[in-house]
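Please read the structure below before turning to the comments.
The values are calculated or read from the model by the stated rules, or taken from the named source; none is laboratory data. Bear in mind the structure is a predicted one, so any value in this text is a computation, not a measurement. Every residue, glycine among them, receives a Cβ derived from its backbone with ideal geometry; neighbour counts consider all protein chains shown.
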């Protein structure tokens with residue numbers, strides 16, 4: 001008898017399984033216990049009788065390190081007269097629990113009762129799926145509700161749960177309310193359950209009601225690596241609330257602030273009453289919230305009285321950020337406002353008005369005499385009517401949009417400027433002269449009014465500029481010392497504005513027509529550019545020449561163009577520029593920030609033409625025709641070189657190199673007779689088409705392929721135009737139709753035929769057959785253009801009848 005050992009599939013031999021055979025007396029059969037090995041089997045000689053086969057052990061690890069679980073099992077079998085038969089076998093090959101297979105023909109018993117376990121990995125992350133979490137408790141249970149060994153498991157950063165699971169269905173659950181990790185970050189756990197299946201070394205999902213995009217946490221299952229990631233922890237966001245007066249600088253006591261969620265539930269920790277030196281810190285989940293303030297007046301610890309403005313802020317917390325949903329307040333309207341800082345998740349409530357005190361925000365800026373360039377290093381001082389220096393001044397101006405903001409009560413103020421040695425030197429080393437000046441202004445009920453300003457904007461001596469709408473004062477009183485020249489940079493590129501061109505000649509002239517030193521200048525490559533020192537004034541930039549050939553032999557066409565520009569106080573501005581960047585004709589580009597002029601007016605010759613192919617066929621579009629005369633003209637009516645062109649046969653076609661533009665294609669003549677004597681009628685037709693960036697497209701085509709009147713066919717893929725407008729004359733079919741229509745029916749028609757003479761033209765043909773000879777007359781009707789074919793005999797008979805009728809009439813007249 002033969003004993004083999006396989007896994008549950010009945011296909012893979014296993015090492016290390018211990019099998020024992022006992023007889024009916026319980027005696028162990030010689031040769032057992034036997035430990036299975038791949039490629040080997042147990043052969044035993046058994047006498048007639050009843051035996052049991054059992055397997056012992058818990059787990060099996062084979063030579064490759066694969067792990068299997070042994071299922072307790074027993075087989076009772078009988079040996080009788082050379083045959084092995086089953087007495088009791090409670091296994092089933094289809095139940096997934098392992099089985100015995102007994103082959104009575106070969107007396108072989110195969111033990112297939114080893115289950116291979118699958119390693120499953122569990123990880124724990126926050127809702128983003130990126131940050132590992134400490135302290136989450138995860139539990140796995142099998143389909144019988146039994147807790148899997150190794151769980152519950154508490155998550156830790158940089159660690160994961162690895163469990164060996166048999167084939168079957170499992171649930172993964174998480175318990176707890178909040179998680180606080182090692183860094184003190186707080187998370188809220190979402191109740192969730194995942195049902196998954198382990199089968200033949202793979203983990204698959206049975207039920208997962210989570211969604212990675214829902215914001216409610218989710219499970220991520222990777223069947224390739226048998227990894228389950230639990231991403232169901234919501235990270236709360238710390239939001240800070242502060243309370244200030246309308247200036248946004250002085251903290252207030254006694255303001256009552258309340259936060260509610262989108263369901264109208266009051267957030268724990270609110271209502272909160274503000275105190276100086278304290279702020280409200282709350283942990284909020286993702287969601288939408290409102291912040292409101294209640295009360296009428298606030299009196300702080302010092303007895304200062306403030307008025308509370310009714311206001312509501314709607315804000316959103318999402319993935320650690322606070323953003324505004326609705327805020328109908330304005331920091332500049334004097335009515336209080338909310339300030340939301342998304343970087344620090346701080347909301348500041350600035351909505352308390354101090355009773356009987358009107359505060360006006362006044363902004364002061366410092367620029368040079370042009371009023372456009374901000375200056376650093378100017379010292380500005382504001383004093384009230386008592387000569388007291390206002391807090392925040394003296395102030396030294398900075399650049400990059402820096403400005404001075406002052407909160408001023410109603411009253412009269414002076415603004416003065418000073419500098420050492422009456423000069424300012426900014427961070428770039430530019431030198432300015434300070435003009436002595438004083439501005440007196442009044443602040444009243446939120447407005448800057450009653451300005452006493454002895455400066456004038458257009459006097460070249462600097463000036464103060466006061467904007468009462470925005471309460472902004474700009475000091476434009478610095479004169480740049482020795483500012484007589486400006487560096488202007490000129491560059492030369494092709495029409496694309498990207499490729500530098502060598503050999504272009506550029507000339508700059510001043511308003512008197514004098515050529516500027518350094519020009520004419522011939523452009524070079526490798527970053528070559530022209531730098532000019534120009535005084536204030538108006539200049540022209542021109543380019544000369546016809547064609548430019550650069551160092552690489554590329555040829556360009558120069559477009560006639562002139563740019564008029566102005567240099568004033570260190571800036572280049574355009575006076576007249578009649579070029580257009582998108583016109584395809586080249587253009588000037590002026591950058592006033594860098595005082596750079598780029599000339600983009602060279603057309604590269606070998607990049608502006610497109611090869612267009614023209615073919616000539618009959619109306620079927622299949623038979624090429626010789627002798628058709630085709631002409632192409634551009635939008636100015638100029639005939640394109642290579643046309644007029646007379647079509648040839650045997651695939652002959654016209655190839656043209658056309659620049660971008662609009663063209664017409666026309667055909668002339670009346671009738672075409674090709675080399676084979678076939679006759680065609682030409683239909684008058686015109687096609688208007690456009691060539692643009694290597695493509696041919698139709699502008700106007702009044703022909704129809706299915707009209708029977710001929711048509712143009714344009715293939716934009718191959719840039720091919722086929723003229724299908726010649727009608728082939730069909731003589732035989734015309735003759736048949738003419739014979740039918742020309743039958744003489746009565747003598748009146750004969751009279752008409754005999755008297756038609758004069759303007760009609762006719763020709764005769766003689767045709768001979770085996771039985772008869774007849775002469776036919778081909779008569780053209782000048783009014784209808786129809787041709788009438790009449791048998792000669794019939795024609796003579798008709799004429800005779802006509803004469804008889806005339807003679808009879810004459811005899812009748814004589815008798816009378």
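Residues in region 201-215 that are part of a loop (DSSP other than H, G, I, E, B) and touching a residue at least 40 places away in the same chain (Cβ under 8 Å): 201, 212, 215. Counting only strands (runs of 3 or more DSSP E) that sit wholly inside region 614-688, those with at least 3 residues that are more than 22 Å from residue 699 (Cα to Cα) and over 46 Å from the mean Cα position of the chain (by Cα) are 671-673, 679-682.
Please verify whether residue 106 is surrounded by 15 or more Cβ atoms within 10 Å (Cβ to Cβ), more than 47 Å from the chain's Cα centre (by Cα) and over 24 Å from residue 57 (Cβ atoms), treating the condition exactly as stated. No: the conditions fail for residue 106. What number of residues in region 137-167 are in contact (Cβ under 8 Å) with a residue 60 or more places away in the chain and either not in a loop (DSSP other than H, G, I, E, B) or not assigned by TED's automatic domain parsing to the domain that holds residue 229 (or both)? Residues meeting the conditions: 2.
Look through region 693-703, keep the residues that are assigned to a strand (DSSP E or B) and free of Cβ contacts under 8 Å to residues at least 40 places away in the same chain, and return whichever of them is surrounded by the most Cβ atoms within 10 Å (Cβ to Cβ).
Kept after step one, since they are assigned to a strand (DSSP E or B), are these residues of region 693-703: 695-701.
Among the residues that remain, those that are also free of Cβ contacts under 8 Å to residues at least 40 places away in the same chain are: 697-701.
Working: 697: 11, 698: 13, 699: 11, 700: 11, 701: 17.
By that ranking, first place goes to 701.
Of all residues in region 2-23, those being modelled with pLDDT of 90 or more, more than 15 Å from residue 70 (Cβ to Cβ) and surrounded by fewer than 18 Cβ atoms within 10 Å (Cβ to Cβ) number 3. For region 111-129, the criterion of a residue being within 42 Å of the chain's Cα centre (by Cα), at negative phi, outside any strand (DSSP E or B) and at pLDDT below 85 is satisfied by at least one position.
Of all residue pairs spaced 6 or more apart or on separate chains, those with beta-carbon atoms under 7 Å, a first member in region 73-86 that is in the same structural domain as residue 18 (by TED's automatic domain parsing) and modelled with pLDDT under 90 and a second member that is surrounded by 11 or more Cβ atoms within 10 Å (Cβ to Cβ) and part of a loop (DSSP other than H, G, I, E, B) are 73/91; 73/98. Evaluate the following for residue 598: is it modelled with pLDDT under 90, under 38 Å from the mean Cα position of the chain (by Cα), assigned to a loop (DSSP other than H, G, I, E, B) and buried (at least 16 other Cβ atoms within 10 Å of the Cβ)? Taking the combined requirement at face value, the residue does not satisfy it. Taking the conditions exactly as written (at pLDDT below 85 and part of a strand (DSSP E or B)), does residue 360 satisfy them or not? No, not satisfied.
In this structure, does residue 358 turn out to be out of contact with any strand residue (DSSP E or B) (no Cβ under 6 Å at 6 or more places or on another chain) and surrounded by 14 or more Cβ atoms within 10 Å (Cβ to Cβ)? Reasoning before the result, please.
On the way: out of contact with any strand residue (DSSP E or B) (no Cβ under 6 Å at 6 or more places or on another chain): yes; surrounded by 14 or more Cβ atoms within 10 Å (Cβ to Cβ): yes.
Considered against the rule, which asks whether it is out of contact with any strand residue (DSSP E or B) (no Cβ under 6 Å at 6 or more places or on another chain) and surrounded by 14 or more Cβ atoms within 10 Å (Cβ to Cβ), residue 358 comes out as yes.
What about residue 134, is it assigned to a loop (DSSP other than H, G, I, E, B) and out of contact with any strand residue (DSSP E or B) (no Cβ under 8 Å at 6 or more places or on another chain)? In short, no.
There is at least one residue in region 642-652 that is modelled with pLDDT of 80 or more, surrounded by 12 or more Cβ atoms within 10 Å (Cβ to Cβ) and under 29 Å from residue 495 (Cα atoms).
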